[in-house]
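Read through the structure below, which is laid out as structure tokens, and then see the notes.
The values are calculated or read from the model by the stated rules, or taken from the named source; none is laboratory data. Keep in mind the model is a prediction, meaning the values are calculated, not measured. Ideal geometry is used to build each Cβ from the backbone, glycine not excepted, and the neighbour counts take in all protein chains shown. Side chains included, ligands, DNA and RNA excluded: accessible areas come from the protein's heavy atoms. Shrake-Rupley method; radii C 1.70, N 1.55, O 1.52, S 1.80 Å.
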Amino acid sequence: MNFLGDSVGYRGSFASTLGNSWRHLMRSRLESAGPVAYGTCAHAHDADGNTVFTSFSNVSGGEDVTFVMLGTNNVREAQDYGAFYSDCASLLDQVRTAAPDALLVVGGVWMPSDGGTWTDCRGVARYNALIAEQAYEHDGMYVPFTDLFDCDSNRHPMGVPAFGEYTTDGFHPNDAGHRAIYNRYRMALGL
């Protein structure tokens with residue numbers, strides 16, 4: 001099992017404990033069927049330190065399942081659609097090269113459906129459409145999350161201590177949000 005992505009996708013940030021993050025909930029669920037090992041967790045940063053997707057050098061390969069969460073920081077940084085589409089394709093090409101037979105599960109952006117203060121709703125919808133298209137072109141499945149973001153109880157209250165020396169910020173998912181992400185993935189996988 002491999003996780004690629006940003007603070008929500010591979011690190012599980014802003015859950016109260018690592019064990020309450022969606023990826024640990026998924027690992028626990030899959031361990032009920034047999035042994036589970038993580039591959040590498042990977043991400044890339046732009047010049048301002050934001051997690052974006054350009055390339056990955058440490059996709060380990062050999063996984064049975066690879067989860068990828070794309071686009072949230074790219075939306076926030078207003079990356080050009082064409083550049084994002086190319087970056088997304090390149091990343092998923094690398095995943096498929098490293099793990100050609102893996103079940104590829106690609107999550108959409110963790111953003112409000114109306115764009116919030118970061119972009120307009122057309123921007124969020126356009127990024128999600130590009131992610132979904134690339135997921136399908138790489139024989140993967142696409143899983144959307146904007147409706148989960150729109151539910152305030154998945155992100156609030158703010159200021160609650162979380163693992164990794166974070167406090168909830170009203171943007172990243174809290175424990176309820178991580179469980180909602182886990183359940184969305186779980187249902188998509190038919191678990």
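Enumerate the amide H contacts of L189 below 5 Å, restricted to partners 5 or more residues apart or on another chain; note that Pro and chain-start residues carry no placed amide H.
Sorted by chain and number, the residues that satisfy this come to none at all.
Near the amide H of V109, under 5 Å away, which other amide H atoms are found, from residues 5 or more places off or on another chain, if H is placed in the peptide plane?
Correct list: F145.
Compute the length gained on full extension between L191 and D64: take 0.36 nm times their separation in residues and subtract their Cα-Cα distance, giving the result in nm to one decimal.
Computed gain between L191 and D64 is 44.2 nm.
So for segment 135-191, averaging the separation of alpha carbon pairs under 8 Å that are six or more residues apart and normalising by length, what relative contact order in percent results?
Reported as a whole number, the value is 30 percent.
Could you pull out every residue, at least 5 positions away or on a different chain, whose amide H is within less than 5 Å of the one on V65? Hs are placed 1.01 Å off N in the peptide plane, and Pro or chain starts have none.
Distant-sequence amide H within range of V65: N2, L103.
Modelling each spin label as a point 7 Å along the Cα-to-Cβ direction, I'd like the D150/E77 distance in nm, to one decimal.
2.8
Spelling out what I want: for every residue of segment 97-103, take phi, set θ = phi - 60°, compute 6.51 cos²θ - 1.76 cosθ + 1.60 (Karplus), and round to whole Hz; glycine and proline get x.
Coupling constants for segment 97-103: 5, 6, 9, x, 9, 5, 6 Hz.
With every protein chain present, what accessible area does Y38 have (1.4 Å probe, heavy atoms only), rounded to the nearest 10 Å²?
My reading of the accessible area for Y38 is about 70 Å².
With a probe of 1.4 Å, find how much accessible area segment 119-165 has per residue, and write the answer as a whole number in Å².
53
Among F67, V95, M158, flag the residue with its Cα farthest along the positive direction of the charge dipole of segment 58-191, charges on Cβ as +1 for Lys/Arg and -1 for Asp/Glu.
About the Cα centre, the residue reaching furthest to the positive side is M158.
Counting only protein heavy atoms, what percent of the accessible surface of segment 78-157 is carbon or sulfur at a 1.4 Å probe?
Carbon plus sulfur share of accessible area: 54 percent.
Report the label-to-label distance for E133 and Y166 in nanometres (one decimal), using points 7 Å from each Cα along the Cα→Cβ vector.
3.0
Step through the residues of segment 4-18 one at a time and calculate ³J(HN,Hα) from phi using the Karplus curve (6.51 cos²θ - 1.76 cosθ + 1.60, θ = phi - 60°), rounding each to whole Hz and writing x for Gly and Pro.
Result, ordered by residue: 10, x, 9, 4, 7, x, 10, 9, x, 4, 6, 6, 5, 9, 4 Hz.
Ordering M187, M1 by accessible area with a probe of 1.4 Å, largest first, what comes out?
The ranking, largest first, comes out as M187, M1.
Using label points projected 7 Å from each Cα along Cα→Cβ, tell me how many nm separate S28 and L103, to one decimal.
1.9
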